[in-house]
Amino acid sequence: MKKLFSAVFLLAGLLLHAQQITSPDKNITLKFSISTKGEPMYELAYKNKPVIKPSKLGIETKDVPPMLSGFSIDKTETSSFDETWEPVWGEEKTIRNNYNELLVTLSQKEQDGRYIRIRFRLFNDGLGFRYEFPEQKNLNYFVIKEERTQFALAGNHKAFWLPGDYDTQEYSTVTSKLSEVRGKMDAAITPNASQETFSPTGVQTPLMMKSDDGLYINIHEAALVEYSCMSLNLDDKNMVLESWLTPDAVGNKGYMQAPTQSPWRTVLVSDKAADILLSRTIYNLNEPTEFKDVSWIKPVKYVGVWWEMITGKSSWAYADLNSVKLGETDFSKVKPNGKHAANTAHVKEYIDFAAKHGFDAVLVEGWNQGWEDWFGKSKDFVFDFITPYPDFDVQELHQYAASKGVKIIMHHETSGSVRNYERWMDKAYQFMVDNGYNAVKSGYVGDIIPRGEYHYGQWMVNHYLYAIKKAAEYKIMVNAHEAVRPTGLARTYPNLIGNESARGTEYESFGGNNPDHTTILPFTRLLGGPMDYTPGIFEMNVSAYNPDNNSKVNTTLAKQLALYVTMYSPLQMAADLPETYNKYLDAFQFIKDVAVDWDKTWVLEAEPGDYITMARKAKGKDEWYLGAVTDENERTATFTFEFLPKGKTYTATIYADGKDASYDKNPKSYTIKKVKVNNKTKLKQRLAPGGGAAISIK
């Protein structure tokens, strides 16, 4: 159902000092005004509490006069919109898109009447707004020096932040007052394969905050297309955040051609943490899918030849060589190193395991030539994406996997050499089609080539979308790692079935993630789209696989199970090794059972950085799954089952921390028990330090 109401106010040159709209439920109020200098201003309140104090809007340009001041209001238009749409996959079967809109047309008389529009959409859980640049005589091509969007905060909020960086989001989240960002910045910047921080008070989005008076506030962006990714720079004296775009190799921050628009800037707000987790505003600010046929896009549960290389047990590389030149190095004459994991016999073992336990696919990394000297070399022709190592038989594995009803997921590591990847893209995707691959995990580790470009600049943003669109031509799903953080584009391009763009499970082998890590990510990184977090690690001592690696996984085994519910993705991996799962088949049963696509989601308890308890109904099934996670502190969770249908009794299988469990001392202690539940049942459950619980309800 769709409803649209509109009204237009022609001002005939009069200065309109303020316009106001409210959210459909009347809880959020937006005010727009023009300052005495002609500067566009907005402010936001929730239940009469200030969220964003009067804040300036505008674009600073390099080659044309700036769009910062000297504006007058030509026209305002208000409208309301209400529809319900069905995602191809998601956390709900249907999503409601309901907002009130204010569209303001602003002109600069001193610039021969040049004009822009600012469009505001106010939802029950927050605000989205963007700049629009209509085609006109006095505004065609222009270069952005900086976007000057402000978010003047109402206080020194508690914040969950990452260092502002043009190249990576793979940092541990810091929890502190905003006034403490400057003092904690140096310690927060940890080494990465590619990184470029920009300010002692720069932070990334999504930025999650909590005010002293109990408001949960999140700032991010939606529909990032043909524009640079936005970070935020903090004026820590006045508590004002201002947009900070990612530059290109020569320092420019955007090349625009009218008609065009910026991405949406989003501010989510509620007095309930659960409302942030359940917000679909970022998706709603994206366009409906462009695909007429989506039958080829399917959620995936997979295993993979991956964790054994991450831990150092095995190798991506076929041989120990200092230098490889593709097309010249003859690998048939090279001595293998004996640790190469992506070999035909070993991949067949993973295929057998996947088939036996009902998994859809097997990811294989390290199958193609070039891994010997790929990392950190700034090498253009680094991979060709169609030439396997001698011990990887593409055709044999294609036939073997097909006979078992299992797909193989292709892996394309670009090493940041984007020109090379685009050079090979059509051949690579056609190679996938010819050999039965329908999904690819792409990677962008290292500095970008062309040199000087950044992972989050406009040029790379355009590349990521190009790769997604090109993949769709071949009916291929994409799981992009080290790409720009998602902004809801999976609504428009649902073959973007996964992203990394944050510290995933791999960091458990690189020294470990903090115990509170997965109690924060659903409030930050996951708001813009699902994360390929790769949970399911059962062996917490990495030294069991590689004696030279003393890292430990900072969760309990039960928490690893809970992540399949709390860390949403339509692409879920059982990341550990088959031989390890064979030792814990009773706990592994939950991973086999849990759904990857959902009809409905409920948040039972939540506090960012502390704990999350979620329940979800499996798509099209009479099954529910519950996951609860906590930080380093032990707690007692309360499980209510009001989401179950009335008058029916179900069997709940509870996978919980053992009495002596803790992430640091006894992570593999767990219990499994079955109880009867109905919609009136309430259960108390201990969550160990760094622990969790998972429940299947059938």
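Numerical summary
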read-out: Verdict on Tyr466 being surrounded by fewer than 23 Cβ atoms within 10 Å (Cβ to Cβ), in contact (Cβ under 8 Å) with a residue 24 or more places away in the chain and over 24 Å from Lys377 (Cα atoms); value: yes
read-out: Residue that is charged (D, E, K, R) and over 30 Å from Lys47 (Cβ atoms), where the choices are Asp186, Asp236, Asp213; value: Asp186
read-out: Residues (over 27 Å from the mean Cα position of the chain (by Cα) and free of Cβ contacts under 8 Å to residues at least 60 places away in the same chain) located in segment 544-580; value: Ala544, Pro547, Asn550, Glu579, Thr580
read-out: Single residue of Ala694, Ala637, Ala587 found to be in a strand (DSSP E or B), in contact with a Leu (Cβ under 7 Å, 6 or more places away or on another chain) and touching a residue at least 60 places away in the same chain (Cβ under 8 Å); value: Ala694
read-out: Breaking point among (1) out of contact with any helix residue (DSSP H, G or I) (no Cβ under 6 Å at 6 or more places or on another chain); (2) closer than 30 Å to Asn192 by Cβ; (3) in contact (Cβ under 8 Å) with a residue 40 or more places away in the chain, for Asn337; value: (3)
read-out: Residue that is surrounded by fewer than 21 Cβ atoms within 10 Å (Cβ to Cβ) and either of a type outside the set (Gly, Ala, Ser) or part of a loop (DSSP other than H, G, I, E, B) (or both), where the choices are Thr190, Thr205, Thr168; value: Thr190
read-out: Some residue of segment 575-597 being open to solvent by less than 10 Å² (accessible area, probe 1.4 Å) and charged (D, E, K, R); value: yes
read-out: Flag if Ser415 is free of Cβ contacts under 8 Å to residues at least 60 places away in the same chain, part of a loop (DSSP other than H, G, I, E, B) and open to solvent by 10 Å² or more (accessible area, probe 1.4 Å); value: yes
read-out: Odd one out for Val174 among (1) touching a residue at least 24 places away in the same chain (Cβ under 8 Å); (2) crowded, with 17+ Cβ neighbours inside 10 Å; (3) under 14 Å from Phe523 (Cα atoms); value: (1)
read-out: Which numbered condition His398 fails, given (1) in contact with an Asp or Glu (Cβ under 9 Å, 6 or more places away or on another chain); (2) within 30 Å of Phe588 (Cβ to Cβ); (3) buried (at least 17 other Cβ atoms within 10 Å of the Cβ); value: (3)
read-out: Inter-residue pairs, beta-carbon under 8 Å, first closer than 20 Å to Asp275 by Cβ and in segment 18-45, second hydroxyl-bearing (Ser, Thr, Tyr) and in a loop (DSSP other than H, G, I, E, B), 6+ apart; value: Thr29/Ser23
read-out: Identity of the residue in segment 667-698, of a type in the set (S, T, N, Q) and open to solvent by less than 50 Å² (accessible area, probe 1.4 Å), that ends up farthest from Tyr625 (Cα to Cα); value: Ser669
read-out: Filtered residues of segment 430-447 (kept if closer than 19 Å to Ile468 by Cβ and out of contact with any strand residue (DSSP E or B) (no Cβ under 8 Å at 6 or more places or on another chain)); value: Gln430, Phe431, Val433
read-out: Hits in segment 635-647 - residues which are open to solvent by 70 Å² or more (accessible area, probe 1.4 Å), on the phi < 0 side of the Ramachandran plot and not β-branched (Val, Ile, Thr); value: Glu642, Lys646
read-out: Subset tally (residues that are open to solvent by less than 10 Å² (accessible area, probe 1.4 Å) and in contact with a Gly (Cβ under 8 Å, 6 or more places away or on another chain)) for segment 366-388; value: 2
read-out: Unique residue being within 29 Å of Tyr493 (Cα to Cα), part of a strand (DSSP E or B) and among the aliphatic types (A, V, I, L, M) when the list is Val294, Val362; value: Val362
read-out: Enumeration of residues in segment 648-666 that are in contact (Cβ under 8 Å) with a residue 12 or more places away in the chain, over 20 Å from Phe588 (Cα atoms) and either open to solvent by less than 30 Å² (accessible area, probe 1.4 Å) or of a type in the set (Asp, Glu) (or both); value: Tyr650, Asp664
read-out: Matching residues in segment 212-253 - criterion: being in contact with a His (Cβ under 9 Å, 6 or more places away or on another chain) and either acidic (Asp, Glu) or open to solvent by 10 Å² or more (accessible area, probe 1.4 Å) (or both); value: Asp212, Met239
read-out: In segment 434-463, residue farthest from Gly376 (Cα to Cα) [restricted to those that are assigned to a loop (DSSP other than H, G, I, E, B) and touching a Pro at 6+ places or on another chain (Cβ under 9 Å)]; value: Gly457
read-out: All positions within segment 491-511 that are open to solvent by less than 10 Å² (accessible area, probe 1.4 Å) and of a type in the set (Gly, Ala, Ser); value: Gly498, Ser501, Ala502, Gly504, Ser509
read-out: Search result, residues across segment 125-154 that are polar (S, T, N, Q), farther than 13 Å from Gln261 by Cα and surrounded by fewer than 18 Cβ atoms within 10 Å (Cβ to Cβ); value: Gln136, Asn138
read-out: Count of residues meeting criterion [within 30 Å of Lys292 (Cα to Cα) and in contact with a helix residue (DSSP H, G or I) (Cβ under 6 Å, 6 or more places away or on another chain)] in segment 70-118; value: 1
read-out: Selection within segment 198-237 - free of Cβ contacts under 8 Å to residues at least 60 places away in the same chain and acidic (Asp, Glu); value: Asp212, Asp235, Asp236
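For (1) part of a loop (DSSP other than H, G, I, E, B); (2) in contact with a Gly (Cβ under 9 Å, 6 or more places away or on another chain), each residue gets a yes or a no:
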residue: Ser543; (1), (2): no, no
residue: Asn546; (1), (2): yes, yes
residue: Leu561; (1), (2): no, yes
residue: Ala575; (1), (2): yes, yes
residue: Thr580; (1), (2): no, no
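Residues are listed down the side, and each one gets a yes or a no for (1) open to solvent by 60 Å² or more (accessible area, probe 1.4 Å); (2) out of contact with any Ser or Thr (no Cβ under 8 Å at 6 or more places or on another chain); (3) under 30 Å from Met531 (Cα atoms):
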site: Ile34; (1), (2), (3): no, no, no
site: Ala45; (1), (2), (3): no, no, no
site: Pro65; (1), (2), (3): no, yes, no
site: Ser79; (1), (2), (3): no, no, no
site: Asp82; (1), (2), (3): no, yes, yes
site: Arg96; (1), (2), (3): yes, no, yes
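The values are calculated or read from the model by the stated rules, or taken from the named source; none is laboratory data. Fair warning: this is a prediction, and the values are worked out from it, not measured in the lab. Note: ideal-geometry Cβ built from the backbone for every residue, glycine included; neighbour counts use all protein chains shown. Accessible surface areas use protein heavy atoms only, side chains included; no ligands, DNA or RNA. Shrake-Rupley method; radii C 1.70, N 1.55, O 1.52, S 1.80 Å.
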